[in-house]
1. Can you tell me which condition residue 30 does not meet? The list is (1) modelled with pLDDT of 75 or more; (2) farther than 30 Å from residue 2 by Cβ, and all the others hold.
2. From 68, 99, grab the single residue that is over 25 Å from residue 51 (Cβ atoms), in a loop (DSSP other than H, G, I, E, B) and at pLDDT 75 or above.
3. Residue 81 - would you say it is part of a helix (DSSP H, G or I), at negative phi and at pLDDT 80 or above?
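The values are calculated or read from the model by the stated rules, or taken from the named source; none is laboratory data. Computed from a predicted structure; not experimentally measured. Here the Cβ is made from the backbone with ideal geometry for all residues, glycine too, and neighbour counts use every protein chain on show.
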């Protein structure tokens, strides 16, 4: 069964849906508003990479920014590393990162960005 990407014309939510290949398939509905006025989009595709290729790609710190001096870049890099190694960051680790990156003057750390790209 193929996975297609859609954009809801009502609320502009972009989402993926598993679409069955049958004679009269029921059209998917928007998970946000339930609308069925959808536009099918061209989906990105993925290719399998070896573990070595994945780790080599993650070792290229320049694509994340200055991870030594930018807390947001460091957080993105650590998250990508953990995903690639199939390790879930527990809440204690997230709290420690936020505390570490909060700043020396009592600034609040920005909330973690959990969007999927």
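1. Exception for residue 30: condition (2).
2. On the way: 99 fails: in a loop (DSSP other than H, G, I, E, B).
Being over 25 Å from residue 51 (Cβ atoms), in a loop (DSSP other than H, G, I, E, B) and at pLDDT 75 or above holds for just one of 68, 99, which is 68.
3. Spelling it out, it is not the case that residue 81 is part of a helix (DSSP H, G or I), at negative phi and at pLDDT 80 or above.
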